[in-house]
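For reference, the structure is listed below as structure tokens.
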Amino acid sequence: MMRTWCRDAISVSVMVLATAGPLFAQRPSCDEATVLGLEITGELIAPPQIVNQVTDELAIIRDTYPVVAGITVLQDWAPGMLLVRLTPVAWAQYLAGTYAALNALNDEYGMTVISQVTSGKLLVLASQECSNPIVLMWAYLELAGVEYAEPNGYIGDGDDITCTSPGWYTFKHGFVDCYAGCVYAHYWQFMVSDNTATLVSEYGDGLSEVGGGGHAAGLELRQSHPNPFNPATSVSFTLGESSFVSIDIYDLGGRLVCALFAGDMDAGDHEIPWRGQDSSGNAVASGVYFCRLKAGTQVESMKMLLAD
């Protein structure tokens, strides 16, 4: 059956397979920085230095932009928990206590069987550590006798934070009936570098206390052309009204490469060339770069690829 808890205005559902108490009490306790550390690295255990960096960067973002202070990570899988289905032969061995390979794997990864469903030949495994269930899943899928394995998922919509690498964070705020599936959502993308948080882009529905949100107020940043490029490309955009405009280029690590333009501009179409150089006029290395355009309170960004 499915049982739902409402916690911090987030609907969380887990499959309850035993009567020995809720799984919340048995799964490892993972803070949001550790969960994001697992997401970033894809490792079994998040390295402490990554967790510490994420902790500091989330604090910087929330201190700088109070509008996202209440948004926390929604765990769409329970770290350290796994559902494993056995073949009939392996299930019989497990019941007889002779499934040595499973015991060895459980010992290696610190997993414990916390419940089972006889009719489905299904085991629920939990680690005592905060570990990456996707990594665990692939390890158990390699074991002879395992029919399938998958992370024990949590179901829910609403607020969430995702991160692809330290320094780059997307905050999502869902609102209006998020228990059934959010009707609206608003997104902020932040970059943290040198202890400074920068709003890189903002889009979605609803009002924001940070910026204008997408193209709603008449700012449109188009993909640079050509892209990929070497050695030069052009940044083209449209302003709905006269505004002070700044255009900055950042590298993949969030470091400012070039302050490309800063000044007043009239409404209409504009195009600014970038010759693949840093602020000192030196040619930059090939790779991915981000262009951040700010006009008044509106911010948009895009990726550009400088090819060899």
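Taking the options Ser242, Ser236, name whichever one is of a type outside the set (Lys, Arg) and under 15 Å from Glu300 (Cα atoms).
Just one listed residue meets the conditions, Ser236.
Can you work out which of the residues in the stretch 183-216 that are open to solvent by 40 Å² or more (accessible area, probe 1.4 Å) and more than 19 Å from Ala295 (Cα to Cα) is modelled with the lowest pLDDT?
Among those that are open to solvent by 40 Å² or more (accessible area, probe 1.4 Å) and more than 19 Å from Ala295 (Cα to Cα), it is Gly206.
Given the criterion open to solvent by less than 50 Å² (accessible area, probe 1.4 Å), charged (D, E, K, R) and either more than 18 Å from Asp159 (Cβ to Cβ) or modelled with pLDDT of 95 or more (or both), identify the matching residue among Glu32, Glu43, Glu108, Glu57.
On inspection, the qualifying residue turns out to be Glu57.
Among the residues of the stretch 120-176, which ones are over 19 Å from Glu39 (Cβ atoms) and of a type in the set (Asp, Glu)?
Result: Glu142, Glu147.
Do you know which residues across the stretch 111-124 are of a type outside the set (S, T, N, Q) and either surrounded by fewer than 18 Cβ atoms within 10 Å (Cβ to Cβ) or over 14 Å from Ala90 (Cβ atoms) (or both)?
Met111, Val113, Ile114, Val117, Gly120, Val124
Could you grab me the full set of residues in the stretch 56-104 that are over 34 Å from the mean Cα position of the chain (by Cα) and of a type in the set (A, V, I, L, M, F, W, C)?
The answer is Val89, Ala90, Trp91, Ala92, Leu95, Ala96, Ala100, Ala101.
Pairs only if they're at least six apart or on different chains, beta carbon under 6 angstrom, first in the stretch 57-77 and in contact (Cβ under 8 Å) with a residue 60 or more places away in the chain, second acidic (Asp, Glu) and in a helix (DSSP H, G or I); list them, first residue then second.
Cβ pairs passing all conditions: Thr72/Glu32; Val73/Glu32.
Among residues belonging to the stretch 72-105 that are open to solvent by 30 Å² or more (accessible area, probe 1.4 Å) and among the hydroxyl-bearing types (Ser, Thr, Tyr), point out the one that is nearest to Ile61 (Cα to Cα).
Restricting to residues being open to solvent by 30 Å² or more (accessible area, probe 1.4 Å) and among the hydroxyl-bearing types (Ser, Thr, Tyr), the top hit is Thr72.
Quick one: which strands (runs of 3 or more DSSP E) lie wholly within the stretch 217-308 and hold at least 1 residues that are surrounded by 17 or more Cβ atoms within 10 Å (Cβ to Cβ) and under 25 Å from the mean Cα position of the chain (by Cα)?
Filter on the stretch 217-308 gives 219-221, 243-251, 256-265, 287-295, 298-306.
The values are calculated or read from the model by the stated rules, or taken from the named source; none is laboratory data. Note that the structure is predicted; figures quoted are calculated from it, not measured. Glycine gets a Cβ as well: all are built from the backbone with ideal geometry, and neighbour counts include every protein chain shown. Heavy atoms of the whole protein, side chains included, go into the accessibility calculation; ligands, DNA and RNA do not. Shrake-Rupley method; radii C 1.70, N 1.55, O 1.52, S 1.80 Å.
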